[in-house]
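Presented below is the structure to which this report refers.
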Amino acid sequence: GRINTPFAARTVVVEGSHPFTAVRTGDLPQGMNFDEVTGVLDGTPIVSGTFTFKITASDGLNPDVAKNYTLTIAAAGAVLPPASLLDTADSPIGSGTTTGDGSYDIDTNATATATPAPGFAFLNWTDNSVVVSSDPNYTLAMNVNHSLVANFVPVVVQWNITTSAAPVAGGTTTGDGLANDGTSVTVVATPNAGYSFTNWTVAGLQVSPAASYTFTATADVTLVANFTVLPTYAVSTSAVPLVGGSTSGGGSYVSGSRVTVVATPNAGYNFVNWTEGGTQVSSSASYAFNIAAARSLVANFSPTGVTLRTIATSITPAAGGTTTGAGVYADGSSVTVVAIPASGYKFSNWKEGGTTVSTAASYTFTATANHTLVASFTISWSITATASPSNAGTTEMDSSSYKVGDTAQARVKTTAAGYQFVNWTENGVVVSTLTPYSFPATGNRTLVANFLPTYQLALTSSSASMGTVSGGGTFVSGTNVTATAAPKPGYIFLKWTEAGTTVSTSPSFAFTLLAQRNLVGNFALGFTVAATSSFAPGGSVTGAGNYATGGAVTLIATPSAGYQFTNWTEGGTVVSNNTSYGFTAGADHTFVANFIPIVGITNTAPGILGIAWPVSSTGWILQETPDLSPASWVTSARQVTTSGPLNQVSVSNPTGKLFFRLVHP
């Protein structure tokens, strides 16, 4: 049999209605093949029958992998009848159990049953990854073998959300009920008349000051919506003069209530206006308002026949602000009109008929005629500048407000020690790196001057007579810096160290400065070891460079394909026959790694000798001789052909002796 696992098994357990023994080969890896499964019944080997058993594989770390199998054993000499096999498994592992495995007669029905483990719910049955049923008790016709997988899913945790009002008469709440774990829940508090919402609390601690509170359900929670009784305010009304008329509408009202006061003139009098503290608040006999504080209102009347003056006000532009004080006044009365700018505007002047009559927002005059006053406003933008971090410096703007056409200027006033100004940002976006920063005022703005800490990069030389260092200074945190070491003639650079620890062996050490650093460039008496190849295509060499006195030098020669290394020479004298040549630095050296091309000889055909060598070995000449005497060597006149990377020469039916060699003049 075979069971697929995501791990190499260490333990295999076989369980069933009879004692089975699994025989396996080696330490079985992920795909586990069982050579055989045998069993005994009451001490006697099982010779026939159909048995269902379970094989479980474990490595002691991952979840166990289990699979059910059906084993049918025919009696000696008997032929097994046709049958279809059914095996089942759970997914994910350990999420439930399954039954129904076994051997079934062709075209009979089988029922597979899935039972979820605690914390899981059955989802569906799949056969070869195709969903075949959503019923945990799945009946199917057994006309072929089936491997069913019962798929389970974790049970969704639900939390109980409870809300209440305090006091109960203060208002109502919504949003109670069960909520799935991790879902968003919104509870809403609605105050009753005479109350205002205060906050939501859990166990006495505030969780939100908003009447509509949204949170994520992660546990049972009891929320209390707290309400506060609204204050009541007194509204008093009176008539001036007392004989002029009567008033109504005074009394005690809950904050926010709509109040209407009415003035009724007596015979021989006319209603003039409602005033409060001497300032007109309405010219209508029926005055309605929302109460937010105690009010003391006076209904003013004038005898019939007294001339009344109408004071009208307007604003420009329409969104610029509001005014108070307009109304009907008795001739000779004192009138005060007030201009109140809206956000983003400032008051400019009061005008009448295009002529400025006051530059004060509160304008007082005597009503001797009808007036139509216009309160003029201009756009006024607020631009602020702050520092980040707050202790790194201070900033200032050149004005507290700006109007259309103004040029605003933000500047860094002071910079704290250890910091440096970097840039101005607005909503996290860089807008300038200058200070001062000048720009046209076109709206409200909030600017942030950003500072970064500065760090000192201190560089010193281990010996000024051996070498110099450069690149030190004061830099803004995060700056990419490079420390450079330059040895003097006869000396070499060894390394950069910090507090005795090596941080780089490159004379040009580049890094990002994020803290104060003190680096030492270390130099030593040194020697130059030069190493070259005798013939560039023949091979390459490594290990050349500058070395301190007593330093270990290892030169390595690597021949190219078609070449072989012969030796290391210095001044024409052989110093080593090994490709790896090691020695201790004590003087300047110039070494040559010598390579020669490899000549290949083959019998390309009966009676034909083939000679080949690398095409890249330019300058090498093929010579030949019949007797190897030094004077007999001559340049071969045979035709040289090229095939791929090789030069080739064919020697047909040679007689006697012939010798060939490659030479490099």
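General observations
- All positions within the range 646-657 that are hydrophobic (A, V, I, L, M, F, W, C) and either open to solvent by 60 Å² or more (accessible area, probe 1.4 Å) or on the phi > 0 side of the Ramachandran plot (or both): Leu646
- Residue that is at pLDDT below 95 and open to solvent by less than 70 Å² (accessible area, probe 1.4 Å), where the choices are Val412, Val374, Val338, Val404: Val338
- Matching residues, the range 602-645, being surrounded by fewer than 11 Cβ atoms within 10 Å (Cβ to Cβ) and in contact with a Gly (Cβ under 8 Å, 6 or more places away or on another chain): Asn603
- Conditions (1) loosely packed, with under 13 Cβ neighbours inside 10 Å; (2) in contact with a Lys or Arg (Cβ under 9 Å, 6 or more places away or on another chain); (3) touching a residue at least 24 places away in the same chain (Cβ under 8 Å): number failed by Gly490: (2)
- Taking the criterion of being surrounded by fewer than 20 Cβ atoms within 10 Å (Cβ to Cβ), assigned to a strand (DSSP E or B) and of a type in the set (A, V, I, L, M), the residues of the range 551-563 that qualify are Ala552, Val553, Ile556.
- Pairs with Cβ under 6 Å, 6+ apart, first in the range 413-428 and within 12 Å of Ala385 (Cα to Cα) and free of Cβ contacts under 8 Å to residues at least 24 places away in the same chain, second assigned to a strand (DSSP E or B) and hydrophobic (A, V, I, L, M, F, W, C): Glu426/Leu447
Condition check ((1) among the aromatic types (Phe, Trp, Tyr); (2) modelled with pLDDT under 95) across all residues:
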| site | (1), (2) |
| --- | --- |
| Leu457 | no, no |
| Tyr491 | yes, yes |
| Thr497 | no, no |
| Thr505 | no, yes |
| Gly526 | no, yes |
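- Of all residues in the range 351-374 being of a type outside the set (Val, Ile, Thr) and more than 21 Å from Gly278 (Cα to Cα), the one that is nearest to the chain's Cα centre (by Cα): Lys351
- Considered as a group, the residues in the range 415-433 that are within 18 Å of Thr446 (Cβ to Cβ), among the aliphatic types (A, V, I, L, M) and exposed (fewer than 12 other Cβ atoms within 10 Å of the Cβ) include one that is farthest from the chain's Cα centre (by Cα), and that residue is Val430.
- Residue list for the range 129-171, restricted to those being over 42 Å from the mean Cα position of the chain (by Cα) and within 30 Å of Asn199 (Cβ to Cβ): Ala166, Pro167, Val168, Ala169, Gly170, Gly171
- Exactly one residue out of Thr512, Thr454, Thr505 is surrounded by 13 or more Cβ atoms within 10 Å (Cβ to Cβ) and either closer than 30 Å to Asn391 by Cβ or among the polar types (S, T, N, Q) (or both): that is Thr454.
- Scan of the range 541-558 for residues that are modelled with pLDDT of 95 or more and not β-branched (Val, Ile, Thr), ordered by number: Leu555, Ala557
- Per-region count, the range 43-101, residues buried (at least 16 other Cβ atoms within 10 Å of the Cβ), more than 20 Å from Pro116 (Cα to Cα), at pLDDT below 75 and of a type outside the set (A, V, I, L, M, F, W, C): 4
- Top-ranked residue in the range 172-189 [being assigned to a strand (DSSP E or B), of a type outside the set (S, T, N, Q) and surrounded by 15 or more Cβ atoms within 10 Å (Cβ to Cβ); ranked as farthest from the chain's Cα centre (by Cα)]: Ala189
- One residue stands out among those in the range 532-550 that are in a strand (DSSP E or B) and polar (S, T, N, Q): the one that is most open to solvent (accessible area, probe 1.4 Å), which is Asn546.
- Criterion violated by Ala267 - all others in (1) in contact (Cβ under 8 Å) with a residue 12 or more places away in the chain; (2) of a type in the set (A, V, I, L, M); (3) surrounded by fewer than 20 Cβ atoms within 10 Å (Cβ to Cβ) satisfied: (1)
- Flag for Val476 being surrounded by fewer than 18 Cβ atoms within 10 Å (Cβ to Cβ), touching a Gly at 6+ places or on another chain (Cβ under 9 Å) and closer than 30 Å to Ala387 by Cα: no
- Hey, Gly256 surrounded by fewer than 16 Cβ atoms within 10 Å (Cβ to Cβ), on the phi > 0 side of the Ramachandran plot and either among the aliphatic types (A, V, I, L, M) or within 60 Å of the chain's Cα centre (by Cα) (or both) or not: yes
- Residues in the range 192-227 that are closer than 24 Å to Gln158 by Cα, open to solvent by less than 30 Å² (accessible area, probe 1.4 Å) and either free of Cβ contacts under 8 Å to residues at least 12 places away in the same chain or part of a loop (DSSP other than H, G, I, E, B) (or both): Ser208, Ala217.
- Pick from the range 343-366, criterion modelled with pLDDT under 90 and either under 23 Å from Ala285 (Cα atoms) or touching a Ser or Thr at 6+ places or on another chain (Cβ under 8 Å) (or both), ranking: least open to solvent (accessible area, probe 1.4 Å): Gly344
- Residue count for the range 442-451 under the criterion of being over 27 Å from the mean Cα position of the chain (by Cα) and surrounded by 16 or more Cβ atoms within 10 Å (Cβ to Cβ): the result is 1.
- Residues in the range 458-473 that are touching a Phe, Trp or Tyr at 6+ places or on another chain (Cβ under 6 Å) and touching a residue at least 60 places away in the same chain (Cβ under 8 Å) were compared, and the one that is nearest to Ser504 (Cα to Cα) is Ser462.
- Number of positions in the range 533-564 that are in contact with a helix residue (DSSP H, G or I) (Cβ under 7 Å, 6 or more places away or on another chain) and touching a residue at least 40 places away in the same chain (Cβ under 8 Å): 2
- Selection from the range 273-331 of residues that are hydrophobic (A, V, I, L, M, F, W, C), in a strand (DSSP E or B) and either open to solvent by less than 30 Å² (accessible area, probe 1.4 Å) or touching a residue at least 60 places away in the same chain (Cβ under 8 Å) (or both): Trp274, Phe289, Leu297, Val298, Ala299, Phe301, Ile311, Ala312, Ile315, Ala330
The values are calculated or read from the model by the stated rules, or taken from the named source; none is laboratory data. Fair warning: this is a prediction, and the values are worked out from it, not measured in the lab. A quick note on method: Cβ atoms are made from the backbone with ideal geometry, for glycine too, and the neighbour counts reach across all protein chains shown. Ligands, DNA and RNA are stripped out before the accessible areas are found, and what is left, the full protein with its side chains, is counted by its heavy atoms. Shrake-Rupley method; radii C 1.70, N 1.55, O 1.52, S 1.80 Å.
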